[in-house]
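Here the structure is laid out as structure tokens; the discussion comes afterwards.
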Amino acid sequence: MMQPGTKILTALALAALLPAALAGQDYPRRPVRLIVPYAAGGGADTLARMLGQRLGELLEQPVVVENKPGGATITGTQFVVKAAPDGHTLLIGTANLATNAALFGQLPYDASRDLAPVSLLVRVPVFAFAHAGANIASLNDLVAQSHGTPGGLSYATAGNGSAPHLAGELFRLESKSRIAHIPYNGSAQAAAALVGGQVPLSFDNLSPLLAHVKTGAVVPLAIAMPERSGIAPEVPTFKELGYPMQAYSWWGVLAPAGTPPAIVERLNQEIRKALQMPQIRDKLHAQGMQAVGSSAAEFAAHIRAETDKWRRVVTDARIQTQ
């Protein structure tokens, strides 16, 4: 039989848990802000707007996408870290959560401490691209021309610390090519620079450049994944061409640390439902994105693994941000 003192302690414990349990039932109480740490028009922005529309329907509150680019995603991330932990301000977290920890000596936040993972959304393979007018049709052409051009060649990415940036630097070392990184403020700007001929090369995801690949303005040279892409099967892998490297961007949803577990779980459930909708899943596939939808714990483990992986690459390649 339970002693009186034990009954009191049990009652107090249940009373303490009750607000957290109820938090998910009346959530959300107002529109939800979904922060994209990149400029509008890139792949992360496209995904956020696609997800936001469906998530808003499931949550029965508008999900408003806001772009806060800058500082290799640090600006937008810090904004969410400082937000109230009530589930009404969320972050589209990117591979920069892992790479920034390796690239920058100090950050204004600790992603593992200051953010609560909700769900991994997608994996997005990194490709190497060339401007059609650059007379580069293969990785061999790229390497040869980089040595034959005074000063070498430049390549664009969505910014310092991005997965495409580290992929480009890893290829530079493995191929001994003379290529230099030019960071842009998001994939949209990097894609515009490549299409406009301001740079001859780019390391990026397929989505921002897919339309230009179809018109022939941009040439995809290789994909940094173990297998070829289902929507671009003619593009060889780096491994096939002698460079066994793997790199992909990834995007997920995170909340400020301290967000009640019930709200995190509610968001996780609704996000996974949205990713299973044919109108989202099929569109992601058509853009070269691999839909995932994970538990919060799986996403946290993924971030840890990616951080360890890219920290080794940064150290081995002696990569520094400009």
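Laboratory data are not the source of any read-out in this text; all were calculated from the coordinates shown. Given the structure is predicted, the values throughout are model-derived calculations rather than measurements. Glycine also receives a Cβ, built like all others from the backbone with ideal geometry; neighbour counts cover every protein chain displayed.
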Over the chain, what relative contact order in percent results from Cα pairs under 8 Å that are six or more residues apart?
26 percent
Note down the relative contact order for the stretch 125-223 as a percent, whole number, built from C-alpha pairs under 8 angstrom at least six residues apart.
45 percent
Electrostatic dipole magnitude of the stretch 125-223 [Cβ: Lys, Arg +1; Asp, Glu -1; Cα centre; debye, to 20]:
60 debye
In nm, what is the difference between 0.36 nm times the number of residues separating ARG29 and ALA217 and their Cα-Cα distance?
63.0 nm
Computed magnitude of the charge dipole of the stretch 199-322 (debye, nearest 20; Cβ of K, R +1, Cβ of D, E -1)
100 debye
Hey, rough spin-label estimate for THR149 and GLU234, points 7 angstrom out along Cα→Cβ, what's it come to in nanometres?
2.3 nm
With loop defined by DSSP as not H, G, I, E or B, and exposure as at most 14 other Cβ atoms within 10 Å, which is the longest segment of the chain clear of exposed GluC sites (Glu not before Pro)?
61-226
Dipole of the chain, positive direction: furthest Cα of GLY252, SER154, GLN276, with charges on the beta-carbon:
GLY252
Under DSSP H, which helices of the chain have Cα atoms covering 20 Å or more of the helix axis and a Kyte-Doolittle average no less than 0.5?
4-23
Given a Förster distance of 51 angstrom, what is the FRET efficiency for ARG178 paired with LEU58, based on the Cβ-Cβ distance and rounded to 0.05?
0.55
Quick check for me: using +1 on Lys/Arg Cβ and -1 on Asp/Glu Cβ, what's the dipole size of the stretch 269-322 about its Cα centre, in debye to the nearest 20?
60 debye
What Kirkwood radius, in Å to one decimal, follows from the Cα pairs of the stretch 187-320?
17.5 Å
For the pair GLN106/SER295, report the inter-label distance in nm, with labels modelled 7 Å from Cα in the Cβ direction.
3.8 nm
Give me the number: length gained by fully extending SER138 to ALA286, i.e. 0.36 nm times residue separation minus the C-alpha to C-alpha distance, one decimal in nm.
50.9 nm
Given the rule -39500 (n - 2.57) for each run of at least 4 DSSP H residues, summed and divided by the residues of the chain, what is its mean residue ellipticity at 222 nm, to the nearest 500 deg cm²/dmol?
-13500 deg cm²/dmol
